[in-house]
Amino acid sequence: MRARPLTRRRLLASTAASLAAAGSAVGAGASALVLTPRQSRGPFYPAEYPLDQDNDLVHVEGRSVPAQGEVVVVHGRVLDERGRPAVHSRVEIWQCDVNGRYHHPRDRRNAPLDENFQGWGRFETASDGRYWFRTIRPVPYPGRAPHIHFAVSGPDFEPLVTQMYVDGAPENERDRLFRSIRDPRQRESVLVRFAADSDLGGVPAGAFDIVLRNA
Ligand SMILES: [Fe+2]
């Protein structure tokens with residue numbers, strides 16, 4: 001059984017308030033936004049893209065069983081330093097499955113692979129710079145705090161590779177890559193808080209705005 005699709009309308013309705021709040025902050029002053037910090041791409045960017053390349057990582061086309069793990073929505077806007085939406089930018093995410101396994105031949109950890117997890121997805125922003133993904137709440141694996149990898153590129157921007165983390169995860173303070181972000185504002189900017197969203201049927205949603213440097 002396939003879950004009700006996450007349409008643009010439903011997502012926008014559910015997040016209008018938080019986005020409006022962020023929008024007013026963006027427009028409030030001339031000061032530049034905090035640039036999203038660069039982070040390592042890591043060894044597990046897909047060697048081969050999955051056949052299903054949409055923004056729903058919980059369902060793989062042709063499979064009737066959804067991914068294991070807690071379903072969440074990650075959404076946000078891609079902006080430039082002045083808060084203008086990054087139009088037609090490409091947002092890619094990739095992450096390990098609920099067992100801590102990446103869908104990558106170099107991940108040889110002895111953990112079962114969840115074939116029903118898409119592992120990677122992409123989205124292209126429209127004129128509002130917004131993106132969203134349905135995926136699973138990221139889990140820790142040995143040596144790493146829970147995180148989702150992002151690669152973002154757009155016609156007028158320097159491409160960015162980064163990672164988002166889960167606010168409050170106890171592993172964050174031991175994570176070498178997270179700790180490598182020296183600027184406290186940049187560190188704060190990659191922490192995402194998930195909260196149950198009643199407009200998404202109680203699915204936890206987390207907002208992660210991404211600020212790119214103009215090329
Ligand atoms: Fe990773």
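Tabulated data
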read-out	value
All positions within the stretch 87-100 that are part of a loop (DSSP other than H, G, I, E, B) and within 11 Å of the ligand (Cβ to nearest atom)	GLN95, CYS96, GLY100
Restricting the stretch 170-193 to residues that are in contact with a helix residue (DSSP H, G or I) (Cβ under 9 Å, 6 or more places away or on another chain) and buried (at least 16 other Cβ atoms within 10 Å of the Cβ), the residue that is farthest from VAL72 (Cα to Cα)	ILE181
Residue list for the stretch 73-86, filter: of a type in the set (A, V, I, L, M, F, W, C) and assigned to a loop (DSSP other than H, G, I, E, B)	ALA86
Residue in the stretch 108-116 that is surrounded by 20 or more Cβ atoms within 10 Å (Cβ to Cβ) and either of a type in the set (Lys, Arg) or within 14 Å of the chain's Cα centre (by Cα) (or both) present	no
Only listed residue being charged (D, E, K, R), on the phi < 0 side of the Ramachandran plot and under 15 Å from the mean Cα position of the chain (by Cα), chosen from GLU92, GLU61, GLU48	GLU92
Odd one out for GLU124, checked against (1) of a type outside the set (S, T, N, Q); (2) closer than 30 Å to LEU33 by Cα; (3) in contact with a helix residue (DSSP H, G or I) (Cβ under 9 Å, 6 or more places away or on another chain); (4) without any contact (Cβ under 8 Å) to a residue 40 or more places away in the chain	(3)
Residue count, the stretch 130-174 (criterion: without any contact (Cβ under 8 Å) to a residue 40 or more places away in the chain and away from the ligand (no atom under 16 Å from the Cβ))	5
The lone exception for ALA67 - which of (1) outside any strand (DSSP E or B); (2) more than 11 Å from ILE136 (Cβ to Cβ) it fails	(2)
Among the candidates PRO46, PRO66, residue that is within 16 Å of the ligand (Cβ to nearest atom) and touching a residue at least 60 places away in the same chain (Cβ under 8 Å)	PRO46
So SER64, is it in contact with a strand residue (DSSP E or B) (Cβ under 7 Å, 6 or more places away or on another chain) and surrounded by fewer than 18 Cβ atoms within 10 Å (Cβ to Cβ)	no
Some residue of the stretch 194-206 being farther than 22 Å from VAL71 by Cβ and buried (at least 19 other Cβ atoms within 10 Å of the Cβ)	no
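Values quoted throughout were computed directly from the atomic coordinates according to the rules given, and no laboratory measurement underlies them. Everything numeric in this text was worked out from a predicted model, so none of it was measured. Please note: Cβ atoms are built from the backbone with ideal geometry, for glycine as well, and neighbour counts cover all protein chains shown.
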